[in-house]
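One structure follows; several queries about it will come next.
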Amino acid sequence: MSRIFNALKLNKDDNVAVALRTIKAGEDLSIQGETATIKVMVDIPFGHKIATDLIQKDGKIIKYGECMGISTEEIEPGYHVHVFNVRGLKEDERLSALQEVRLP
């Protein structure tokens with residue numbers, strides 16, 4: 001029996017997944033390529049990010065294997081990751097993130 005996935009991690013190092021459809025609170029987050037599931041805690045709109053790991057306050061939001069922002073609060077797995085709990089990178093953080101880029 002094939003498994004239907006409702007989220008996708010774009011890079012193995014990501015700490016967020018992208019919702020492939022609207023996911024309702026209480027559903028299991030099923031990520032393509034992973035066997036474990038995470039309970040979704042709040043409704044997640046299609047295309048939005050969901051925390052797959054505990055992200056500490058001031059922690060990096062990793063998508064595409066790159067730092068896309070900084071959390072403004074602790075974000076537990078299964079919660080929505082969006083503008084209300086993420087801020088952009090300051091100039092020194094952008095420079096630091098660029099220096100961390102790993103080339104193949």
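Scan segment 14-44 residue by residue and report those that are in contact (Cβ under 8 Å) with a residue 12 or more places away in the chain, touching a Leu at 6+ places or on another chain (Cβ under 9 Å) and of a type in the set (S, T, N, Q).
Passing the criteria: Asn15, Gln32.
Considering only strands (runs of 3 or more DSSP E) fully contained in segment 1-77, which possess at least 1 residues that are under 20 Å from Arg87 (Cα atoms) and touching a Gly at 6+ places or on another chain (Cβ under 9 Å)? Working first, answer last.
Details: elements: 16-19, 28-30, 37-39, 49-51, 60-63, 66-71.
Answer list for segment 1-77: 16-19, 49-51, 60-63, 66-71.
Since every read-out is calculated from the coordinates, none of them should be taken as a lab result. Nothing here was measured: the structure is a model prediction, and the numbers come from that model. Note that we place each Cβ from the backbone using ideal geometry, even for glycine, and neighbour counts take in every protein chain shown.
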